[in-house]
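Written below as structure tokens is the structure these notes are about.
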Amino acid sequence: MAGVQSEMELAFAGLHQLCAPMLEHLEHMDRLPVPQRDALRTAFGISAGPPPDRFLVGLAVLGLLSEVAGDPPLVCVVDDMQWLDRASAQALGFAARRLAADPVGLVFAARVPGEELTGLPQLEVTGLRDSDARALLESVLPGPLDARVRDLIIAETGGNPLALLELPRGLSPAELAGGFGLPGAPPLSGRIEDSFRRQLEVLPAQTRRLLHLAAADPSGDRSLVWRAAGRLGVPVQAADPAVEAGLVEFGPRVRFRHPLVRSAAYRSASFPERQLVHGALAAVTDPRADPDRRAWHRAHAAPGPDEGVAAELESSAARAQARGGLAAAAAFLERSALLTADLTRHARRTLAAAQASMQAGAFGKALELLATDEAGPLDELASARVDLLRGHLAFASGLGSDAPLLLLKAAKRLESLDPGLARETYLNAWMAASFAGNLAGAGEMVEVSRAARTRPKADPRCPADLLLDGLALLFTDGRPAAAPVLRQAVSAFAAGDISREEGLRWGWMAATVLWDDDAGRAIAGRQVQFARDAGALDQLPVDLIALAMDAGWSGDFETAASLIAEADAVREVTGSRIAPYATMFLASLRGDQAEVTPLVEAAVAEAAASGQGAAATYAHWAAAILYNGLGLYADALASAARAIADAHLYVSMWALPELIEAAVRSGRPDTAADALDRLAETTQAGGTEFALAVEARARALLCKPAAAESRYREAIDRFGRTRLRTELARAHLLYGEWLRRQSRRVDAREQLRTAHEMLDTIGMRAFAERARHELLATGERVRKRTVETAGALTAQEAHIARLARDGRTNSEIGAQLYLSARTVEWHLRKVFTKLGITSRRDLDAIRLDADNPL
């Protein structure tokens, strides 16, 4: 297939051109998961459905190519990649990066590789050597050429074969003698096009008009071109001179000798001539079979504003958006706005074009369209939506510190115009401020919260309204006042009394601030399932990270590693810039300083650049856990203090127990006492077993001996009623350490043995080693655990092995990890070889250690 410049705005036009011969496989492809098959059918307009996720379409293309390939292998050649519509380019680039064991080759030819091809191997095609260039040039010259002129031509063409063949055509001996090194010469491609234009100029007028028609509709539909030609009175015989000149073929499809011939033919037409041919093509295009192409031709034929054409283009945009073609939708809407005379409609369509451009990732174009919109008259709602979109752009483009106030401004303006949208915008502003963390202005969280408190409520009983009220109360009235409202929101979210959209975006926040691990787990699990079902890959990494953290806290490092691997796969697919939150957390629990340190340093360094202040706060918290495990209490105290100083809503809250433990061990009881007061404010408001257990353990560290033991036992008892095995093990460790310091060695050994066994089994090596040293101090001998692995699996191989062990098919594993079934099979063969097994059944007997968990 080849990209066509005038089809760049038609979503999936290029992909359809490539895949059309394979579409019969869609009906019989049982191995392609239904969501992928449906996404591809929707993208091609074969069936109706919700807008498909672009990555789901890419995965469907990967599966289609893999299934069609076999013996012999399949090779797909994509020429003129630079002119491919963006949706097709993204899908094909996605598929190309995931071809591993599949007998498929994808070859792209492009003048300059676009970002869609990032990560693929490249081969730069350079010009011919001088001797070969000289031989090729001489093969098309009508006679002898001065050597200096010949060398100048070769030098200026850079050995480009097309230039060497085409530049001399149509030039007289006198012109050839003059050379090509003229001042201000246009770029090479422009000069080649000029060569083709000279060849076109000598053709009869009717032939040129026929070529204008063919160039204006790049579909290659011969019958369409002939129908339009008949409408303009161009006879069939008009094609003969162009065919004899070798410029075009009128076979089963209309094909120009080179894309630059098409470009030259189209550009050589005057503006009125272009309007004429587009009008003829629109008149003969079936409005039911191809409404989008007809609307596009009508737009180019319109002499000025035309509401009928603008409305057609708006409908085309809606169809493009339904197929997942956001870039195409933006182009249709932008053209629709240009043809709109009514100022109100013009503003609405321009704003819609900006919205579509932002969703397509074209942030610069979106800002340009917003500037155009602001230059004209806007009603209050349209003006507020412009502010809203500017805030979204700031957040989406990584400028987290700019986004909160922009979104707050939009939310205030929307209050009287659309209370539901205002609520959503306040939540966005609150989220943006939380995400920016300490990089946002000192009072931004308070300012957002105060404004949210006074907003008109769309529905006071709505879970999202309850959530926003509770979050706002946190910063205006404190946690005790916010807790009852947040509990109502948590109950609604955990019970599922919410829409999919609300659940996907906001469900986790209320449970987190209340230390409610049970509700948080239920909400995160539902959100992951929602995101997978909806193909919401932009949201899925966040939900997977939340679930991975819960698994890590529960001591299920195997599941946590699996979820992290899936999140990493999605991040790699989408290009998400989200920080490796769960990876840092899990590595800190394992006590892996070699892994944690570079992760923390990178997160802190990148936080300021990306506006993700929360990432730095999180990194400091993870470092505090690591250092407490290693017994480096001064370092733990410093890291926890940094996390708390950032005043992040829940990460700073989690850092308080780490600071208290480190401060006590560092001989800083006053610092620990101050932190305990702050911790108690959060735990008392939460009132959950998790919250009260954390508080009891922290108080035990600061209590006098008479009261400390009951606090330790309370913490162990409360943690025992949760799934938080890591925290329970740490409570046993602290209790055992305290008992040893009270010279109660027998009692200490009991607690320390329990702690060591739990920590060792979980894989918390640093804390386990701390427990081992304490046991040695009681006089008990404990052998240091030796690490043995059953095979050096990569993270991806281990994840695939876990899924296979759990009974997933190759297709199901591929769908989850964005691989083809063949590639999954290939990875499994390597897993079997490394583990010394022969089948999936043998995976049940394999259990790898924390370094390589299966």
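The values are calculated or read from the model by the stated rules, or taken from the named source; none is laboratory data. Quick caveat: nothing in here was measured; it's all calculated off a predicted structure. Backbone-built Cβ (ideal geometry, glycine too); neighbour counts: all protein chains shown. To get the accessible areas, we keep the full protein, side chains included, count just its heavy atoms, and leave off ligands, DNA and RNA. Shrake-Rupley method; radii C 1.70, N 1.55, O 1.52, S 1.80 Å.
Pairs linking a residue in region 804-829 that is on the phi < 0 side of the Ramachandran plot to a residue that is open to solvent by less than 30 Å² (accessible area, probe 1.4 Å) and among the charged types (D, E, K, R), with Cβ atoms under 6 Å and 6 or more positions apart or on different chains, are Leu819/Arg98; Ser820/Asp102; Arg822/Asp102; His827/Glu797. Assess whether Arg413 counts as being at pLDDT 80 or above, open to solvent by 10 Å² or more (accessible area, probe 1.4 Å) and within 21 Å of Val386 (Cβ to Cβ). Considered against the rule, which asks whether it is at pLDDT 80 or above, open to solvent by 10 Å² or more (accessible area, probe 1.4 Å) and within 21 Å of Val386 (Cβ to Cβ), Arg413 comes out as yes. When region 67-80 is limited to residues that are touching a helix residue (DSSP H, G or I) at 6+ places or on another chain (Cβ under 7 Å), under 12 Å from Leu18 (Cβ atoms) and not β-branched (Val, Ile, Thr), the one that is most open to solvent (accessible area, probe 1.4 Å) turns out to be Leu74.
Pairing residues of region 553-580 that are over 24 Å from Arg730 (Cα atoms) and in a helix (DSSP H, G or I) with residues that are open to solvent by 40 Å² or more (accessible area, probe 1.4 Å) and at pLDDT below 90, at Cβ distances under 6 Å and at least 6 apart in sequence or on separate chains, gives Ala565/Ala795.
Among the residues examined, Phe475 does not qualify as over 15 Å from Thr688 (Cβ atoms), touching a Gly at 6+ places or on another chain (Cβ under 6 Å) and either surrounded by 21 or more Cβ atoms within 10 Å (Cβ to Cβ) or at pLDDT below 85 (or both).
Restricting attention to region 601-643, the residues being surrounded by fewer than 24 Cβ atoms within 10 Å (Cβ to Cβ) and more than 22 Å from the chain's Cα centre (by Cα) number 10. When region 788-812 is limited to residues that are surrounded by fewer than 19 Cβ atoms within 10 Å (Cβ to Cβ) and either in contact with a Cys (Cβ under 7 Å, 6 or more places away or on another chain) or modelled with pLDDT under 80 (or both), the one that is farthest from Ala567 (Cα to Cα) turns out to be Glu788. Taking the numbered list (1) open to solvent by 20 Å² or more (accessible area, probe 1.4 Å); (2) under 16 Å from Ala87 (Cβ atoms) in turn, Ala329 passes all entries but (1).
Of the numbered criteria (1) closer than 21 Å to Ala691 by Cα; (2) at pLDDT below 90, the one Met549 fails is (2).
Taking the options Ala133, Ala110, name whichever one is farther than 25 Å from Leu23 by Cβ, modelled with pLDDT of 90 or more and part of a loop (DSSP other than H, G, I, E, B). Criteria check complete, one pass: Ala110.
Summed over region 332-342, the residues that are among the charged types (D, E, K, R) and buried (at least 24 other Cβ atoms within 10 Å of the Cβ) give a count of 1. The single condition among (1) at pLDDT 80 or above; (2) farther than 26 Å from Gly119 by Cβ that Leu23 does not meet is (1). With respect to being among the β-branched types (Val, Ile, Thr), at pLDDT 75 or above, within 18 Å of Arg98 (Cβ to Cβ) and not in a helix (DSSP H, G or I), Val61 falls outside the description.
Counting residues in region 57-65 that are open to solvent by 30 Å² or more (accessible area, probe 1.4 Å) and in contact with a helix residue (DSSP H, G or I) (Cβ under 9 Å, 6 or more places away or on another chain) gives zero.
Here Pro580 clears all of (1) under 25 Å from Ala636 (Cβ atoms); (2) modelled with pLDDT of 85 or more; (3) crowded, with 23+ Cβ neighbours inside 10 Å except the condition numbered (3).
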